[in-house]
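First up is the structure itself, then whatever we jot down about it.
The values are calculated or read from the model by the stated rules, or taken from the named source; none is laboratory data. Please read these numbers as outputs of a predicted model, since none were measured by experiment. With ideal geometry, Cβ positions are generated from the backbone for all residues, glycine too; neighbour counts draw on all protein chains shown. In case anyone asks, the SASA skips ligands and DNA or RNA and just uses the protein heavy atoms, side chains included. Shrake-Rupley method; radii C 1.70, N 1.55, O 1.52, S 1.80 Å.
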Amino acid sequence: MTVTELMTAAGVTPKADYTGEVKTNFMILGVAVDDTETDPKEYVVAAAHITNLGAEVDASTEDSNYLYEGKFTARIDARRTFSLEGKRIVGDAFQDWACSHAVKFGTGNAVIRDYIYFNALTGKGEKGRLTINTTKDGSGEANNSADFACDAYSSGAPDEYTYSATA
């Protein structure tokens, strides 16, 4: 399912001035699983059977002590990380790609893709590049649904992004 298909099916129109609670279901992660996908609205959504995106900001800091000032913490850099968890479902474009031999055992550019991550209620989010690391592609107890998991790490800080169905 693409970002456009999900937004259409959900019937959500982002409003930049939205205020209120945001449920995790309104946070959208779209990944270009194919090098030919250039329009972020056509990226594949990581959603089918995913129970947790595990979205976090991973920051590096450095502590220093200064005469007469005391301890000071400086933020050096930050990146986006995702720890996706769920159940394996064959036929989903994102999971099929993430569980492909080329990605599970790939290195370098074979596992780096463009992504967008945004709040469907406001349209505000980010755009960047992720390194994908598939960690589970069918583990689990006998006769239970197979587990799926992958970690993804941005290359540096992503750019700001605003989703628009018309732009």
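Here are the numbers:
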item: Residue match in segment 112-135 (condition: modelled with pLDDT of 95 or more, open to solvent by 30 Å² or more (accessible area, probe 1.4 Å) and assigned to a helix (DSSP H, G or I)); result: no
item: Evaluation of Tyr68 against (1) within 11 Å of the chain's Cα centre (by Cα); (2) in a loop (DSSP other than H, G, I, E, B); (3) not small (Gly, Ala, Ser) (one fails), failing number; result: (1)
item: Segment 156-167, subset without any contact (Cβ under 8 Å) to a residue 40 or more places away in the chain and in a strand (DSSP E or B), residue least open to solvent (accessible area, probe 1.4 Å); result: Asp159
item: Search result, residues across segment 137-155 that are open to solvent by 40 Å² or more (accessible area, probe 1.4 Å) and either within 30 Å of Gly123 (Cα to Cα) or of a type in the set (Phe, Trp, Tyr) (or both); result: Tyr153, Ser155
item: Test for Thr162: is it over 25 Å from Thr8 (Cα atoms), modelled with pLDDT of 95 or more and among the β-branched types (Val, Ile, Thr); result: no
item: Positions within segment 56-76 being hydrophobic (A, V, I, L, M, F, W, C), surrounded by 10 or more Cβ atoms within 10 Å (Cβ to Cβ) and within 30 Å of Thr162 (Cβ to Cβ), in sequence order; result: Val57, Ala59
item: Number of the condition not met by Glu85 [criteria: (1) assigned to a strand (DSSP E or B); (2) of a type in the set (Asp, Glu); (3) free of Cβ contacts under 8 Å to residues at least 40 places away in the same chain]; result: (3)
item: Qualifying residue in segment 53-61 (condition: of a type in the set (Asp, Glu) and not in a strand (DSSP E or B)); result: no
item: Hey, Ala149 farther than 18 Å from Ala46 by Cβ and touching a residue at least 12 places away in the same chain (Cβ under 8 Å) or not; result: no
item: All positions within segment 2-55 that are at positive phi and open to solvent by 90 Å² or more (accessible area, probe 1.4 Å); result: His49
